[in-house]
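Notes to accompany the following structure.
What follows draws every value from the coordinates through simple rules; no lab data is involved. Here the structure is a predicted model, which is why all the values come from computation and not from measurement. A quick note on method: Cβ atoms are made from the backbone with ideal geometry, for glycine too, and the neighbour counts reach across all protein chains shown.
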Amino acid sequence: MDGIVARILPFSSVDGPGNRSVVFLQGCNFNCLFCHNPETIPVLTSAEEMDHVTQMSVDEVVQELDKVKVFTSGVTISGGECTVQYDFLLELVKRLKEEGYNVFIDTNGNVSREKLQGLLPFVDQFMVDMKSIHEEEHKALTGVSNKLMVACLQTLVEAGKLYEIRTVIIPDVLDNMRNVVGVAEFIAKHNPDIRYKIIKYRQHGVRKDLLESHSPSDEMMKDLYETAERMGCRNILII
């Protein structure tokens, strides 16, 4: 079975704990207005459709990862949205666990419970991008409902496999305080040690014709951090 890979990053310190390799699969089921990797959105059937992608088998991906395995603490599979290539993703995580890798998945959560349950035995932890906790705001931002994402969070926390929730702070576009309060409530209720990463929106690599905004101030980020902390989150990271 082949997958379409956007790129493989041998080392990363921001995609899960430790120094990790990252596999970016091509294709996404969202069209976020603030997407920082818009070239990974198109869902392709062949690597010939775009220059930056490579068609690879599970064996080929694992062979590439094995080159640096001794220097890493695990592998994170990201995208795009990696669950778009679900069959390939499932075979890849099965193989990685057989090879003794620590496996994380980075997802937008727009995946059915059935598919999520299929992945759980072979994935150590998940990181979820929470675009907006409010349904209509989420639709306006991504083009898609957030109902599957909310259900995904619940499934992962029940399984003890939710490592991190991420929120991008976009001034004048999102109700950022409402989103932070909603995520902080969820984390504090279920496990205060789940990492909450609050991310500054930055205008680098984005499609500026789709969204007009600016980076939030340091004061705004400090206020959001302190709000999440007051609500009971114990593992908050601002980037």
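For H36 and R202, the difference between the fully extended length at 0.36 nm per residue and the C-alpha to C-alpha distance is 58.9 nm.
As a size descriptor, the averaged projected area of the C-alpha convex hull of region 166-218 was calculated at 4.2 nm². Every helix of 4 or more DSSP H residues in the chain counts as -39500 (n - 2.57), and over all residues that averages to -10000 deg cm²/dmol at 222 nm.
Computed from point charges on the beta carbon alone (+1 for Lys and Arg, -1 for Asp and Glu), the dipole magnitude for the chain about its Cα centre is near 580 Debye. Size descriptor for region 117-239, Kirkwood hydrodynamic radius: 15.1 Å (Cα pairs only, one decimal). Output the antiparallel fraction of DSSP beta bridges having both residues in region 2-238, as a percent to the nearest 5. If we restrict to bridges inside region 2-238, about 25 percent are antiparallel.
Extension gain for F11 to E226 (0.36 nm times residue separation, less C-alpha to C-alpha distance): 74.3 nm. Placing a pseudo-label 7 Å from each Cα along the Cα-to-Cβ vector at V70 and K139 gives an inter-label distance of 5.5 nm. If you count Lys pairs in the chain whose Cα atoms are under 12 Å apart, skipping same-chain pairs closer than 8 places in sequence, the total is 4. From the mean inverse distance of alpha carbon pairs (Kirkwood) and the Cα radius of gyration, derive Rg over Rh for region 122-165. Over the Cα atoms of region 122-165, Rg/Rh equals 1.03.
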